[in-house]
Each structure stands twice: as C-alpha cells, then as structure tokens.
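A.B. asks: The structure follows.
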Amino acid sequence: MRRHLVVFARAPALGRVKSRLAAGIGASAALAFYRRTLATLLRRVGKDARWHTVLAVTPDRATGKRLWPMPLPRRPQGGGDLGARMGRVFRTLPPGPVVIVGADIPEITAAHIQRAFRALGQADAVFGPARDGGYWLVGLRRGPALPGIFDDVRWSTKHALADTLANLNGRRVALVDTLDDIDDATAYRRWRPLAG
C-alpha cells in the first residue's frame, strides 16, 4: 500500500495566513514567513519517492490556482474545524498509511516524516508533539478505523494533543520528534535566531 504525506496549507495571501503571528510581527512579515516555510518544506519532502505528497488546501477554490511553490497534486480541505478537515483526508485517500503535517513548522525534514511512517508499522496512530501542547504531525495506519479521534479537541490550545490522545484510549500510539509550530510572535522570536 502506498504511503501518503498530506501537507495542510492555506493559500498564501496577505492578511489570510498566520493571523496570530501577524498580530505580533505584521501581516507582511507573517506572509513572508509562511511562503518561505511552505516552499522549504515542499522542497525537502514533496518529491521524496518513499511517499506520495498531496497538498490539502484552503480555501477550497485555491486548488487550481498557481499560488503553490511546487506542482503537487492538490485537494480541497473542505469545511469544518481542523479535526473535521483532517478526518475527511483520512477517510477519503486511497488505502495506505497517511501522515498529515502543517505548513508552519520550519524544521521538518524528510527524516522526520520517515520516522513517523516507520512508527506506523507498530502503532495505530503517530503524533509529532509541539512544545505548546499541540502537535505538528498526525498519522494513522488506517486499519483498524479510528472513529472519533478528533472529537471535542480544543484546537489551538495547550490541550490539543492530550484531548486527541484521550480519544485514542486503548490504541497503540507512538510519539516522534517534538518540534515548534510557529503560531505567534513568541514562537517566531524563539525560532528566528536558530534559523540563521
């Protein structure tokens, strides 16, 4: 079965991406960060032969636009909260394990993605924890099905990972590398000196 890597991405437009980050560093700087991070991520993992990479984009009408830094297959995320949108991807892709990442984690490498897929050889689900209590990666083996995995998750809070793990009670779960997602000015300032 084919491995699927899905990158959740928002159309890179001024005032439409990274609103919490933009509140602290300005909309233009937030857009520049997002464009650079998305392009770097796709260069690192987008053409890796070990998996098939797909962009899940929002808004849905942005699937056909030439906004994207690499010509990869695109699919709309659809409506609902983050859990509804990720759940839809897990339900509708062809058979095989699926790993989803966001486009705002500058440190992701192909090695991180490979570790996540490897973990799915022994686990039903895999997570890449973020230091803020959320997660930058979620992957499912997709056999057996895991209904309700994203029910009642408090998204964009320090409880997101704990809430999701609680929904997986009794399932085999693996955790991989802890990375920072850059959601606000504090995280940006912590990351910036490391970026060089």
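A.B. asks: Can you find a residue in segment 27-38 that is closer than 19 Å to Arg189 by Cβ, under 14 Å from the mean Cα position of the chain (by Cα) and of a type outside the set (Phe, Trp, Tyr)?
C.D. replies: yes
A.B. asks: Does segment 166-175 contain at least one residue that is at pLDDT 95 or above and buried (at least 22 other Cβ atoms within 10 Å of the Cβ)?
C.D. replies: no
A.B. asks: Which ones in segment 86-121 are among the aliphatic types (A, V, I, L, M), under 15 Å from Leu42 (Cα atoms) and at pLDDT 95 or above?
C.D. replies: Selection gives Val99, Ile100, Val101, Ile108, Ala110, Ala111, Ile113.
A.B. asks: Let me ask another. Of the residues that make up segment 131-140, is at least one more than 21 Å from Arg3 (Cα to Cα) and either surrounded by fewer than 17 Cβ atoms within 10 Å (Cβ to Cβ) or touching a Cys at 6+ places or on another chain (Cβ under 8 Å) (or both)?
C.D. replies: Within segment 131-140, one or more residues are more than 21 Å from Arg3 (Cα to Cα) and either surrounded by fewer than 17 Cβ atoms within 10 Å (Cβ to Cβ) or touching a Cys at 6+ places or on another chain (Cβ under 8 Å) (or both).
A.B. asks: Need pairs with beta-carbon distance below 9 Å; first residue touching a residue at least 60 places away in the same chain (Cβ under 8 Å) and within segment 77-91, second among the polar types (S, T, N, Q) and surrounded by fewer than 17 Cβ atoms within 10 Å (Cβ to Cβ); sequence gap 6+ or separate chains.
C.D. replies: Leu82/Ser156
A.B. asks: Collect the residues in segment 112-139 that are farther than 19 Å from Leu38 by Cβ and free of Cβ contacts under 8 Å to residues at least 40 places away in the same chain, keeping them in residue-number order.
C.D. replies: Arg118, Gly121, Gly133
A.B. asks: Quick one: how many residues across segment 168-196 are in a strand (DSSP E or B) and farther than 14 Å from Gly134 by Cβ?
C.D. replies: 2
A.B. asks: Can you tell me how many residues within segment 92-111 are in contact (Cβ under 8 Å) with a residue 60 or more places away in the chain and surrounded by fewer than 22 Cβ atoms within 10 Å (Cβ to Cβ)?
C.D. replies: Counting residues in segment 92-111 that are in contact (Cβ under 8 Å) with a residue 60 or more places away in the chain and surrounded by fewer than 22 Cβ atoms within 10 Å (Cβ to Cβ) gives 9.
A.B. asks: Would segment 17-36 turn up any residue that is under 22 Å from Leu82 (Cβ atoms) and in a loop (DSSP other than H, G, I, E, B)?
C.D. replies: yes
A.B. asks: Within segment 70-81, identify whether any single residue is under 14 Å from the mean Cα position of the chain (by Cα) and of a type in the set (A, V, I, L, M, F, W, C), and answer yes or no.
C.D. replies: No, segment 70-81 contains no residue that is under 14 Å from the mean Cα position of the chain (by Cα) and of a type in the set (A, V, I, L, M, F, W, C).
A.B. asks: Here is a follow-up. Pairs under 6 Å by beta carbon, first residue within 16 Å of Val99 (Cβ to Cβ) in segment 172-196, partner among the basic types (Lys, Arg), six or more apart or different chains?
C.D. replies: Val176/Arg115
The values are calculated or read from the model by the stated rules, or taken from the named source; none is laboratory data. The model shown is predicted, which means the values in this text are computed figures rather than measured ones. Because the Cβ atoms are built from the backbone with ideal geometry, glycine has one as well, and the counts that use them run over all protein chains shown.
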